[in-house]
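J.: Okay, here's the structure, questions in a sec.
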Protein chains: 2
Amino acid sequence: MANEYIDVETLKFLLNEVHDLEEILNLPEYNDHDSDSIDLLINSVKDFSDKEMYPYFKEMDENPAHFKNGEIVVHPQVSKYMKASGEMGLLAGAFPYKDGGMQLPSTVMNALGYIQEAANNHLPGYIGLTIGAAELITHFGNENLNQTYVPKMLNGTWGGTMCLTEPQAGSSLSDIVTSATPDGDRYKIHGQKIFISGGDYQGAENIVHLLLARIDGAPAGTKGISLFVVPKNRPDGHGQLAPNDVETVTDFEKMGQKGYCTTHLFFGGNGDCHGYLVGELHQGLKYMFLMMNGARIAVGRGAAAICAAAYQASLKYAHERAQGRKLASTGKKDVHQEQTLIVNHPDVRRMLLLQKVVSEGALSLVLLTSKYQDLSKSLQNAEEREKYALLLEILTPIVKTYPSEMGRVAVDNGVQILGGYGFCSDYILQQYLRDIRIFSIYEGTTGIQSQDLLGRKITMENGKALQLLSNEIKTTIKAAMVMDNLQAYAHTLGDKLQLTQDILKSLLGYAQKGDYERFLADATPFMDYFSNILIAWLWLDMAREAQQALLTGSKRHNTTFYESKIHAMQFYFTYELPKTTGLAEIIMNDKALTIGSKQKVFGNEY
Amino acid sequence: MANEYIDVETLKFLLNEVHDLEEILNLPEYNDHDSDSIDLLINSVKDFSDKEMYPYFKEMDENPAHFKNGEIVVHPQVSKYMKASGEMGLLAGAFPYKDGGMQLPSTVMNALGYIQEAANNHLPGYIGLTIGAAELITHFGNENLNQTYVPKMLNGTWGGTMCLTEPQAGSSLSDIVTSATPDGDRYKIHGQKIFISGGDYQGAENIVHLLLARIDGAPAGTKGISLFVVPKNRPDGHGQLAPNDVETVTDFEKMGQKGYCTTHLFFGGNGDCHGYLVGELHQGLKYMFLMMNGARIAVGRGAAAICAAAYQASLKYAHERAQGRKLASTGKKDVHQEQTLIVNHPDVRRMLLLQKVVSEGALSLVLLTSKYQDLSKSLQNAEEREKYALLLEILTPIVKTYPSEMGRVAVDNGVQILGGYGFCSDYILQQYLRDIRIFSIYEGTTGIQSQDLLGRKITMENGKALQLLSNEIKTTIKAAMVMDNLQAYAHTLGDKLQLTQDILKSLLGYAQKGDYERFLADATPFMDYFSNILIAWLWLDMAREAQQALLTGSKRHNTTFYESKIHAMQFYFTYELPKTTGLAEIIMNDKALTIGSKQKVFGNEY
């Protein structure tokens, strides 16, 4: 039976059966864990989310984080959640034993994060950024930074942030101007950072900012950016904290995720803000990007989780709300009949199935990408690690984008199922719709991810990542081809792979001629196209696993469960995948209508 | 140059040139008006909207209508706007001279409504429903009802509403249970109505509800529903008002359109609510639906207006915000170059053009449907009137749906153009996104409109409406075919018309076999498909008009203006129309995946 916000059975099916978690747990690094211990962990995080997260979800929306008297007031559950997460080991989970962690694979950490985000997406960001900041220190910081900051971050006492964006630079990091002036063994920091999630909040003992800045005289562009630890309060070495001249200017009020504060910070307004270099000079962006794959998977995971929670809410409504009647063979309705549940109306069911295939397809993509991340890090064989590193690279922009973009469409369908109630604050759907809107902007917009996919990842190492990915897809096609009820779908997917080759050949022609603007002009429709096909692959793989279980009489789930996965795959191939036919036409257009004179395009308007 | 929220030049181009308003103004009924007087009227409504509407748009969102001490508190501008609209004649505009109106055609009224809704979509609903309620009385009510209610409604002193929806019935009007018990020459009303827009607000002297109820002993279903005038306060015949036992139970808090109140009303809780029958017994739904075409055009108009305003806001931002650089022929960026305006990035321009083609295409559809409405009402020749009545019928579900559905997608792209700022309350885009969400629910959801289109309008009179519409499209194709630069597009549109025939042949097969559930199961994807093609037609028609103007050297607009319309048509045919290829595949699927056992579809979830 469905509970309020998540389908744990499907999560476990994907984790254990489709993506074979055992394969990761058998690696030496993760050998202390096994399927049973992970199962217990999932159940305990679900229990924790039921109690400490879900009950505050609506409250946090209704009582937004806000700026008051120089600080950010947040819901009191934020600090409690931070501390409780620290105690449960959720902050340190992925860290090695030597750092006090549980040495859990990324695949498991993302499954746990997914549950929490489905319960209340306003909270996990606080620990997510703290984990990311701590990882940067443990990977690249010196022993002193590690000892001073990491333990307090991983036990939930101190928060962490990533300070990248500046008002004049936005997505263009080469234009950041925050300065770092050498001052003995440290630096004096001066500059403004905006859109800093979790940047400051009432009740936080300290916040540790991982900040990008330009050391005086550094080269222009991204090659002159260094990474610093800049605490809100600096430890004096004797257990005391002193203010470090980090001012909270204000917060950003938003249409969604209102419980997750977004701040504008001013570093060094009084000339007394200390920053501590992490790693080497001018390597800041490189360090930041080494963490970026994880951050982007986390964004996709959050969007997938919101999408899943919205699906559960509208599924529940559709099973409880009676309205209208089925059409008789005369084309009329019999008003003397009782009203039917709306789940029985084909149009409502189409919207529910859309939500189901998007949310479960997105989750499958998140888990697969996480698995590639684990394998790329922890396999023994260097060549194998390289293979999975490339697969991770090509999937990263997609795992960030598909759940954010199609998740939004899916949640929107959830709102529509509730009719007028969907628009009303008494029902939760509208909150999911507002919350999910930020995900296609976080950590590089869809436009930027799409340029990364087509401009970098498809072409990297002469197309090797794409070749490896195609091989994985072909393995699934081959396995599905021998199953009678999947064969036709396997054929269709094969055709789409061939079409993709044709499209890329056409697009790469522009790059070869040096016309990069043209090459990348339709990167976003290409992202739509390519991610749609990848999700078809993942659904075929789920159907293959389900069919296999039916054939072998597996008792891990009941027959209906497996059959519903095959049905969902059919829905995906029937209602979603055909969109790629139109998208292919769009991408292969020869018109260049988005390039050239502004006036020709917008006339007198500007 | 663009102003804040609307492109008046394009509105006038569509009204006067593309849709030839003169043709309507030349009809005897509208003969007192001419293009110049309408032009002045448009300018004065724009001026009024600049002063009385746009400045309150954000305020009304930030200070939502809310229930307090038994009444609904709204922004003080609501009453001022009502009165000012009455004084300007905007309420009575479409009414005949004998009712104190200006006898303006619907096409002009919708152009004026469009300007107001672009300025502030929280206000026009108050007058829109008042106009609709007054129209019901003037069309179907007796002399006494007319004299008692209409003058005060049309001068903006009393508000009006439509009371249809009930908690247990929702979209299924056959299930309403509000009762009317004969009591002399009037009725006693008892029942609850929900989602009543403008249902009550502080400062309104009176509210006149047009309410659907079932007279004791009436037949089941929609055939037993009658229409009543039920005032909040009943006039005693001596100029005084007495409470009529209409209680405001509460309001609905919403994610958008927060300044436009939505109420829950309880009629006759104390057994003392008088209702006055409008027209004949059991004809209520028929009367209501005679007004429904106008109401549905108005919903599409509102969505088109929000979409246009959002486009203007993101277009302005894209012309002011510098960020990033163009790619050089090396595929790299030169960081020593100045940053470029984001309007120069192809991906941003694609999103702007999407907004442009959706918003202008939607406006063209609204004006065309309005024109059909005028011609169906006011032409001398009965056969010609019948022709335009059928065209009006087939376009009505589409004009309600396309602007609401694709408008939302367009506004969403507007938000994306602003990046993180798009999500922030300091910028207006997020408000447009929240506001427009209700339009695909108002006046029959998209699912219901789609069933109306495919199940009723396409098949009515043996497909005659569709045949007439195809003839109109073919006329445009023929005219465009002789213009060199439009020929290829005209061919494409012709092919899409043929494809539509194939699709309908396939779908109608189910209806002929009596399988109506299957016939209508994919009515919504069919709506997507069909409306996409209609907008392509309207763009081809705009391009034809623009090209004609360029050829004849028309000076009504400058060359750039006309060229930009042709460019936008090309964009539509290149980036939007190809989606119909995939949609056709979806609609013609032979799988019936949304029909049948719930369990097979949703497994163990419910």
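The values are calculated or read from the model by the stated rules, or taken from the named source; none is laboratory data. Note that the coordinates shown come from a computational prediction; the quantities given were computed from them, not determined experimentally. Counting neighbours? That spans all protein chains shown, and the Cβs are built from the backbone with ideal geometry, glycine included. For the accessible areas, the whole protein counts, side chains as well, though only heavy atoms, and no ligand, DNA or RNA atoms are used. Shrake-Rupley method; radii C 1.70, N 1.55, O 1.52, S 1.80 Å.
J.: A:K254 fails exactly one of the following numbered conditions: (1) of a type in the set (D, E, K, R); (2) within 12 Å of chain B (Cβ to nearest Cβ); (3) closer than 30 Å to A:V177 by Cα; (4) touching a Ser or Thr at 6+ places or on another chain (Cβ under 6 Å). What is the number of that condition?
T.: Tallying (1) of a type in the set (D, E, K, R); (2) within 12 Å of chain B (Cβ to nearest Cβ); (3) closer than 30 Å to A:V177 by Cα; (4) touching a Ser or Thr at 6+ places or on another chain (Cβ under 6 Å), A:K254 fails exactly one: (4).
J.: Of the conditions (1) over 20 Å from B:A134 (Cα atoms); (2) crowded, with 23+ Cβ neighbours inside 10 Å, B:T181 satisfies every one except a single condition; which number is it?
T.: Here B:T181 meets the rest and fails (2).
J.: In the list B:K80, B:K51, B:K58, which residue meets the criterion of being open to solvent by 10 Å² or more (accessible area, probe 1.4 Å), assigned to a helix (DSSP H, G or I) and either β-branched (V, I, T) or closer than 22 Å to B:N206 by Cβ (or both)?
T.: B:K80
J.: Inside the stretch B:562-572, can you point out the residues that are facing chain A (nearest Cβ under 9 Å) and open to solvent by 10 Å² or more (accessible area, probe 1.4 Å)?
T.: B:E563, B:Q570
J.: Moving on to the next point. Being open to solvent by 10 Å² or more (accessible area, probe 1.4 Å) and more than 13 Å from chain A (Cβ to nearest Cβ) is true for just one of B:L508, B:L540, B:L551, B:L583. Which residue is that?
T.: Checking each option against the conditions leaves just B:L551.
J.: Could you check B:K377 against (1) open to solvent by less than 40 Å² (accessible area, probe 1.4 Å); (2) modelled with pLDDT of 95 or more and say which number it fails?
T.: So the condition that B:K377 fails would be (1).
J.: Can you give me the number of residues within the stretch B:460-483 that are open to solvent by 30 Å² or more (accessible area, probe 1.4 Å) and not in a helix (DSSP H, G or I)?
T.: 1
J.: Check the stretch A:195-203 and report whether any residue there is more than 14 Å from chain B (Cβ to nearest Cβ), surrounded by fewer than 19 Cβ atoms within 10 Å (Cβ to Cβ) and within 20 Å of A:A242 (Cα to Cα).
T.: Yes, the conditions are met somewhere in the stretch A:195-203.
J.: List every residue pair whose Cβ atoms lie under 7 Å apart, where the two residues are 6 or more positions apart in sequence or sit on different chains, the first residue falls within the stretch B:542-565 and is within 19 Å of B:L15 (Cβ to Cβ), and the second residue, located anywhere, is polar (S, T, N, Q) and surrounded by 14 or more Cβ atoms within 10 Å (Cβ to Cβ).
T.: B:M542/B:S364; B:R544/B:T476; B:N558/A:N604; B:F561/A:N604
J.: Also: Which of the residues belonging to the stretch B:246-268 are touching a residue at least 60 places away in the same chain (Cβ under 8 Å) and part of a loop (DSSP other than H, G, I, E, B)?
T.: Passing the criteria: B:E253, B:M255, B:G256, B:Q257, B:K258, B:G259, B:Y260, B:C261, B:G268.
J.: Still on this structure, please answer the following. Would you mind finding the one in A:G86, A:G100, A:G70 that is modelled with pLDDT under 95 and in contact with a helix residue (DSSP H, G or I) (Cβ under 7 Å, 6 or more places away or on another chain)?
T.: On the way: A:G86 fails: modelled with pLDDT under 95; A:G70 fails: in contact with a helix residue (DSSP H, G or I) (Cβ under 7 Å, 6 or more places away or on another chain).
It is A:G100.
J.: Which residue out of A:L392, A:L327 is within 26 Å of A:F13 (Cα to Cα) and either in the same structural domain as A:K579 (by TED's automatic domain parsing) or surrounded by 21 or more Cβ atoms within 10 Å (Cβ to Cβ) (or both)?
T.: Among A:L392, A:L327, only A:L392 is within 26 Å of A:F13 (Cα to Cα) and either in the same structural domain as A:K579 (by TED's automatic domain parsing) or surrounded by 21 or more Cβ atoms within 10 Å (Cβ to Cβ) (or both).
J.: Is there any pair with a first residue in the stretch B:209-229 that is within 14 Å of another protein chain (Cβ to nearest Cβ) and within 24 Å of B:G198 (Cβ to Cβ) and a second that is open to solvent by 40 Å² or more (accessible area, probe 1.4 Å) and polar (S, T, N, Q) whose Cβ atoms are under 9 Å apart and which are 6 or more apart or on different chains, and what are they?
T.: Cβ pairs passing all conditions: B:I225/B:Q283.
Quick grid of which residues meet (1) open to solvent by less than 40 Å² (accessible area, probe 1.4 Å); (2) at pLDDT 95 or above; (3) in contact with a Gly (Cβ under 8 Å, 6 or more places away or on another chain):
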| position | (1), (2), (3) |
| --- | --- |
| B:K333 | no, no, yes |
| B:T340 | yes, no, yes |
| B:R349 | yes, yes, no |
| B:S359 | yes, yes, yes |
| B:S364 | yes, yes, no |
| B:T369 | yes, yes, yes |
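J.: Among (1) among the small types (G, A, S); (2) open to solvent by 10 Å² or more (accessible area, probe 1.4 Å); (3) at the interface with chain B (Cβ under 8 Å from one of its Cβ atoms), where does A:A592 come up short?
T.: Looking at each condition in turn, A:A592 falls short on (3).
J.: Do we find a residue being within 7 Å of chain B (Cβ to nearest Cβ), buried (at least 24 other Cβ atoms within 10 Å of the Cβ) and either in a helix (DSSP H, G or I) or acidic (D, E) (or both) anywhere in the stretch A:450-458? Walk me through it before giving the result.
T.: Restricting attention to the stretch A:450-458, the residues satisfying the condition of being within 7 Å of chain B (Cβ to nearest Cβ) are none.
No.
J.: Identify the single condition in (1) within 14 Å of another protein chain (Cβ to nearest Cβ); (2) open to solvent by 20 Å² or more (accessible area, probe 1.4 Å); (3) of a type in the set (F, W, Y); (4) in a helix (DSSP H, G or I) that A:F67 does not satisfy, given that it satisfies every other one.
T.: Result: A:F67 passes all but (4).
J.: Could you check A:F519 against (1) open to solvent by less than 10 Å² (accessible area, probe 1.4 Å); (2) modelled with pLDDT under 95 and say which number it fails?
T.: (2)
J.: Scan the stretch A:155-173 for residues that are open to solvent by 10 Å² or more (accessible area, probe 1.4 Å) and either of a type in the set (A, V, I, L, M) or in contact with a His (Cβ under 9 Å, 6 or more places away or on another chain) (or both) and jot them down.
T.: Answer for the stretch A:155-173, where residues must be open to solvent by 10 Å² or more (accessible area, probe 1.4 Å) and either of a type in the set (A, V, I, L, M) or in contact with a His (Cβ under 9 Å, 6 or more places away or on another chain) (or both): A:M162, A:L164, A:P167, A:L173.
J.: Can you tell me which of A:Y126, A:Y114, A:Y81 is modelled with pLDDT of 95 or more, under 28 Å from A:I24 (Cβ atoms), outside the structural domain of A:A313 (by TED's automatic domain parsing) and touching a Lys or Arg at 6+ places or on another chain (Cβ under 6 Å)?
T.: Only one candidate qualifies: A:Y114.
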